[in-house]
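Engineer: Below is a structure I'd like to ask you about.
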Amino acid sequence: MLTEALTVLASTGGTALVTAMVTDSWEGVKSRFARLFGRGDAKQAEAAAGRLEQSRAILAGLSGPALEQARSEQEFAWRTRLGELLEEDPSAEQELRTLVAEVQAQVVGSAGRVEQHAAAFDQAQQVVQGHGVQNVTFGGQGGPGASRR
């Protein structure tokens, strides 16, 4: 049975891994996690890389609630696998800690804050597209022809 600290590490690792699946740094992250799961065995690392790619494919093309549900399921699956790895090989702990810290730094660096400002008047319409957490506010600028209701 895992200690609380290792359970948290497995959970954080699963979240970091799944978050990285939709970033530009995925290929490097995938190879690092595959090596971690392989534990020096090339065939096991290759099998892990295949499972990682299957997980990424599940997330591809999804959005909204479907994406959030799939992310949650994938995070659970990888948290479980990381927990099993830590139970079977406690020496993997430090490597996983290092890997998680590096992935979190990459993800934070590549997922900076984005702001969009758009103005539309009269019969014009606006469309806002994005991914992740979004806070959209309409109104409040009072441009030409703006109505106050």
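Engineer: Being in contact (Cβ under 8 Å) with a residue 40 or more places away in the chain and among the hydroxyl-bearing types (S, T, Y) narrows it down to one of S91, S63, so name that one.
Structural biologist: After applying the criteria, what remains is S63.
Engineer: Considering the range 65-81 alone, what residues qualify as being of a type in the set (S, T, N, Q) and under 13 Å from the mean Cα position of the chain (by Cα)?
Structural biologist: Of everything in the range 65-81, those that are of a type in the set (S, T, N, Q) and under 13 Å from the mean Cα position of the chain (by Cα) turn out to be Q69, S72, Q74.
Engineer: Continuing with the same structure: Out of the range 56-65, which residues are assigned to a helix (DSSP H, G or I) and surrounded by 14 or more Cβ atoms within 10 Å (Cβ to Cβ)?
Structural biologist: R56, I58, L59
Engineer: Taking E53, is it at pLDDT 95 or above, part of a helix (DSSP H, G or I) and either aromatic (F, W, Y) or closer than 24 Å to L9 by Cβ (or both)?
Structural biologist: Yes, satisfied.
Engineer: Also, quick follow-up: Find the residue count for the range 24-50, including only residues that are open to solvent by 30 Å² or more (accessible area, probe 1.4 Å) and more than 19 Å from T12 (Cα to Cα).
Structural biologist: Summing the residues that are open to solvent by 30 Å² or more (accessible area, probe 1.4 Å) and more than 19 Å from T12 (Cα to Cα) in the range 24-50 gives 11.
Engineer: Quick check: is even one residue across the range 66-85 surrounded by 13 or more Cβ atoms within 10 Å (Cβ to Cβ), farther than 30 Å from M1 by Cβ and at pLDDT below 60?
Structural biologist: No, there is no match, as no residue in the range 66-85 is surrounded by 13 or more Cβ atoms within 10 Å (Cβ to Cβ), farther than 30 Å from M1 by Cβ and at pLDDT below 60.
The values are calculated or read from the model by the stated rules, or taken from the named source; none is laboratory data. Note that the structure is a prediction, hence the values are computed from the model and not measured. Note that we place each Cβ from the backbone using ideal geometry, even for glycine, and neighbour counts take in every protein chain shown. Each accessible area value is taken on the protein alone, full model and side chains, heavy atoms only, with ligands, DNA and RNA left out. Shrake-Rupley method; radii C 1.70, N 1.55, O 1.52, S 1.80 Å.
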